């Protein structure tokens, strides 16, 4: 299957787990891209991670200030593939992986069992993410906006409004939160998408009675 079709299939499967790989063309695609935003999302992602990367592989997650369109997502995937293929540290190739998850989270992963990621190579990855932000006019570095899975879609809430959202039952302790502070593959698989009650946020806010168990 051509690369573009494969990327389109991955995007559809993230949003529509029942999509048939043999029908990646018009039959498998939603009638318009906006459908992707309102259909029930599939939060499965672990099967897309490389099998040969160590559990201790370093991870960086950059959250976009908005959801990307399908066409933007395909372009970003291509740019990620190019960057990870060329990423180097002190002249050595970095064993790297990149992907765009759920149309809003850019993931970079580096397996340091083969070559460590130096400060300079980390800086180069940050420059790459900044260039993506400039190209697509989004902010990848606003840590005050947190992502939650609410009513079958990802919604961003300012940290300053978290207590208000809890008090008014917009979210509760069981609401899924995207913990972009994870630093390793193991943490990515086990602690990235977790209920608020099981995240560091539980120490920062007062959860409604009954939602912390």
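The values are calculated or read from the model by the stated rules, or taken from the named source; none is laboratory data. What you see is a predicted model; the values in this text were computed from it and never measured. Cβ coordinates were reconstructed from backbone atoms using ideal geometry, including for glycine residues, and neighbour counts include every protein chain displayed.
List of remarks:
- Number of residues in segment 133-144 that are in a loop (DSSP other than H, G, I, E, B) and in contact (Cβ under 8 Å) with a residue 60 or more places away in the chain: the value is 5.
- Scanning segment 176-206 for residues that are part of a loop (DSSP other than H, G, I, E, B) and over 30 Å from residue 50 (Cβ atoms) returns 204, 205, 206.
- The sole residue among 135, 155 that is closer than 22 Å to residue 61 by Cβ and under 18 Å from the mean Cα position of the chain (by Cα) is 155.
- Here residue 96 qualifies as within 27 Å of residue 56 (Cβ to Cβ), in a strand (DSSP E or B) and either over 14 Å from the mean Cα position of the chain (by Cα) or modelled with pLDDT of 95 or more (or both).
- Test: residue in segment 160-172 that is touching a helix residue (DSSP H, G or I) at 6+ places or on another chain (Cβ under 7 Å) and either in the same structural domain as residue 88 (by TED's automatic domain parsing) or within 15 Å of residue 198 (Cα to Cα) (or both): yes
- Here residue 41 meets the list (1) over 21 Å from residue 194 (Cα atoms); (2) modelled with pLDDT under 90 almost entirely, failing just condition (1).
- Just one of (1) in contact with a strand residue (DSSP E or B) (Cβ under 9 Å, 6 or more places away or on another chain); (2) in a helix (DSSP H, G or I) fails for residue 123. It is (1).
- From the list 110, 147, the lone residue that is free of Cβ contacts under 8 Å to residues at least 60 places away in the same chain and either surrounded by 19 or more Cβ atoms within 10 Å (Cβ to Cβ) or not in a loop (DSSP other than H, G, I, E, B) (or both) is 110.
- Residue check, residue 177 crowded, with 17+ Cβ neighbours inside 10 Å, out of contact with any helix residue (DSSP H, G or I) (no Cβ under 8 Å at 6 or more places or on another chain) and either outside the structural domain of residue 104 (by TED's automatic domain parsing) or free of Cβ contacts under 8 Å to residues at least 60 places away in the same chain (or both): no
- Here segment 53-93 is the region considered, the condition is being assigned to a loop (DSSP other than H, G, I, E, B) and at pLDDT below 90, and the residue that is nearest to residue 183 (Cα to Cα) is 87.
- Segment 115-132, residues that are free of Cβ contacts under 8 Å to residues at least 24 places away in the same chain and either surrounded by 12 or more Cβ atoms within 10 Å (Cβ to Cβ) or not assigned by TED's automatic domain parsing to the domain that holds residue 81 (or both): 122, 126, 130, 131
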